[in-house]
């Protein structure tokens, strides 16, 4: 695509949560610090909330990679599960051997035994649940009961909930008020600030191998902030499309007009469908012309 044109080793603005691209803004660093302090304190429940696209999954993976050797971690990315299925998922993460038709009592006993063994060897166990706003109420109650497992010194299992703000309303349900009371650490992730956005773009480009001067003009960054409101996922999508547009024109820098066109295609406007039909065929034609000039014949532009 545009990697060689801009001198990149890889595409810098993917939307998959790659921890090598973790950006230490004020929000993300505070959130990570909150998680690390909470984990080392040995408390039961920890909650991280944030709007869609603010980087909760990336934060979760960074936390799992950072927490240290004294911890055993379990990660469940989709907790929209009934209590028994969630217990099976936890047992699988902790490598607890279970009989095929194990009943609830025996499964809980086996998990407890495993947790006791890990505690005896000096390990703390942390279960991270992504998309926690989707957890059914009955499953939340089962999780609360799991955190009742403890030694005289500390909990056998800590649980970190990563979810959208709807999780807060979910926890207001009367039947699980005991769980809400056990959340001892909480952090809400916000969007990038205007200044953060400039550093965020430079950071991701640097990780991807860019060694040149400023690639996004000041006007382009300003327009990108207006379009994305600092939401990292939207920033990544708009930045990626902007680079494609600049590449299609044979430019070495992304200008405001490239971001403007990418933003219209991404965030949606009344003329969005029509503008996409006009714009992206032109981009493909420009890119093919560039590759032909370089002596490269491609049948399809990807």
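What follows draws every value from the coordinates through simple rules; no lab data is involved. These numbers come from a predicted model, not from an experiment. Note that we place each Cβ from the backbone using ideal geometry, even for glycine, and neighbour counts take in every protein chain shown.
Annotations for the structure displayed:
- Helix 194-207 vs. the chain, principal-axis angle (Cα, 0 to 90°, nearest 10): 90 degrees
- Point-to-point label distance, residue 213-residue 30, nm (Cα→Cβ direction, 7 Å offset): 3.6 nm
- Between residue 253 and residue 65, the simple label model (points 7 Å from Cα in the Cβ direction) yields a spacing of 3.2 nm.
- The modelled label-to-label distance between residue 51 and residue 154, using points 7 Å beyond Cα along the C-beta direction, is 3.7 nm.
- Sorting 26-38, 235-247, 154-166 by their mean Cβ neighbour count within 10 Å, with the most densely packed peptide first, gives 235-247, 154-166, 26-38.
- Sites residue 173 and residue 109, calculated FRET efficiency, Cβ-Cβ separation with R0 41 Å, nearest 0.05: 0.90
- Net length gained if the chain between residue 20 and residue 145 were fully extended (0.36 nm per residue, minus Cα distance): 41.4 nm
- The chain: relative contact order as a whole-number percent, Cα under 8 Å and 6+ apart: 25 percent
- The range 194-231 and the range 1-80 have Cα centres lying 20 Å from one another.
- Sorting 86-97, 126-137 by their mean Cβ neighbour count within 10 Å, with the most densely packed peptide first, gives 126-137, 86-97.
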